[in-house]
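Notes for the one structure printed next.
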Amino acid sequence: MDAVNQKDLKLCILGGGQLGKMLIEAASDWNIQCFVLDPDPHCSCAHLATEFTCGNFSDFDTVYNFCQKADKVTIEIEHVNAEALLLLQKEGKQIYPDPSALQIIQDKGKQKAFFEDNALPTSNFQIIETKDELLELLSEEKINFPFVQKSCKAGYDGKGVCVVRTKPDSRELLDGESVIEDLVEIDKELSVIAVRNSTGITLCFPPVEMEFHPTANLVEYLHAPAGISERHRQLAEDIAVKTVTAFQITGILAVEMFLTKKGEILINEVAPRPHNSGHHTIEANYVSQYQQLLRCIFDIPLGATELRSPAIMVNLLGEAGYQGEAKYYGLKECLSMQGVYVHLYGKKMTKPFRKMGHVTILAENISAAKEKAKFIKDTLKVIA
């Protein structure tokens, strides 16, 4: 039986948002020391980390120097300096995910090309260098309406995405290098979180179904399990396993997918870190996405991914028309309900549609969970 040396349980985390906060909470169960780097001194992790460093995680020197604190490094946001991580990896640091995979995922154009090169199903696309090039192709009718334009870099939480249905919408086109995709006729939006350890063993959390806010382009509700057929469930899990294997990632990979009106499943995009579509796993599954990531990082056997209970997750977004120090209206009423688990992210300031927390609702079936979710949505408001 191997002994665990407490001094070896150290982890550097690049990014101090809510994903880092929940990762630290999971790590605390095993006395793992977490060192966090984030540019915001008031970020969600600032007062939870073993040691917090205020600094720019996209700066080479800052990342390189910060990661000397531990031999194991992970991320909670993609937009970090991958070049520094590559050097650290060459020097013996263990980086999760592999920086070479991260470099591909950081660029949506490279992501799409990777899917194509590895025979992973995705929508038709082309990569455009400039806005002027796109306008020229449109004038020559070489791109058909409707389509979706995504910035190759720096897009996040609905930003950097433009849906173009008609020519007048072209005035809203994004600048810079971008991916142009066919606008898929979507039946459902799904997500599968795949897990892969250092020996290549893979598992999947059951597919979930996501409902998006109509204007903010953020997940508003999440249903677990997804309301899909057994055939589509198996297909979605198979695609997720093939994707995490193709990237050779040790850790977790959220694979967002479209179930089309034609019954196809296509990959939309991936995230090599904890993901909004896996928050419910803290209460609803035998092992959470955060625990699975830690198991991969510290070479602990993977845990069971099955659901213990049907669940719905509600994202708590800052209310429209409010900006300032956050106040939570209706919190006591929601916490008085059985099977309701409220997670607040510790963000001091709110603004319209900012992610301020989430609520997971467990029930005997999805219908019962939906009733509670509607009450939560109508009652719990983040204002200023």
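The values are calculated or read from the model by the stated rules, or taken from the named source; none is laboratory data. Quick caveat: nothing in here was measured; it's all calculated off a predicted structure. Ideal geometry is used to build each Cβ from the backbone, glycine not excepted, and the neighbour counts take in all protein chains shown.
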Subject >> Residue list for segment 192-219, restricted to those being surrounded by 19 or more Cβ atoms within 10 Å (Cβ to Cβ), charged (D, E, K, R) and within 15 Å of N276 (Cα to Cα) >> reply: E209
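So which of M356, M337 is in a strand (DSSP E or B) and either at pLDDT 95 or above or among the aliphatic types (A, V, I, L, M) (or both)? Lay out the reasoning, then the answer.
On the way: M337 fails: in a strand (DSSP E or B).
Among M356, M337, only M356 is in a strand (DSSP E or B) and either at pLDDT 95 or above or among the aliphatic types (A, V, I, L, M) (or both).
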Subject >> Among the candidates E133, E78, E141, residue that is acidic (D, E), surrounded by fewer than 18 Cβ atoms within 10 Å (Cβ to Cβ) and assigned to a loop (DSSP other than H, G, I, E, B) >> reply: E141
**OP:** Report, by residue number, each residue of segment 233-255 that is touching a residue at least 60 places away in the same chain (Cβ under 8 Å) and either surrounded by 19 or more Cβ atoms within 10 Å (Cβ to Cβ) or of a type in the set (A, V, I, L, M, F, W, C) (or both).
**Re:** I239, T243, A246, F247, I249, T250, G251, L253, A254, V255
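To keep it simple, each residue is scored yes or no on (1) at pLDDT below 95; (2) touching a helix residue (DSSP H, G or I) at 6+ places or on another chain (Cβ under 7 Å); (3) surrounded by fewer than 16 Cβ atoms within 10 Å (Cβ to Cβ); (4) in a helix (DSSP H, G or I).
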position	(1), (2), (3), (4)
A27	no, yes, no, yes
L37	no, yes, no, no
P41	no, no, yes, no
D61	no, no, yes, yes
C67	no, yes, no, yes
T74	no, yes, no, no
L85	no, yes, no, yes
**OP:** Being more than 18 Å from the chain's Cα centre (by Cα), crowded, with 21+ Cβ neighbours inside 10 Å and closer than 16 Å to E209 by Cα is the filter here, so list the residues in segment 342-384 that pass it.
**Re:** I361, L362, A369, A373
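Hey, among the residues in segment 359-384 that are assigned to a helix (DSSP H, G or I) and basic (K, R), which one's farthest from E220 (Cα to Cα)?
Going through segment 359-384, the residues assigned to a helix (DSSP H, G or I) turn out to be 366-379.
From the residues that got through so far, the ones that are basic (K, R) too are 370, 372, 374, 377.
On the way: K370: 13, K372: 14, K374: 11, K377: 9 Å.
Among residues in segment 359-384 that are assigned to a helix (DSSP H, G or I) and basic (K, R), the one farthest from E220 (Cα to Cα) is K372.
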Original post:
Condition test on S288, is it surrounded by fewer than 18 Cβ atoms within 10 Å (Cβ to Cβ) and among the polar types (S, T, N, Q)?
Top reply: no
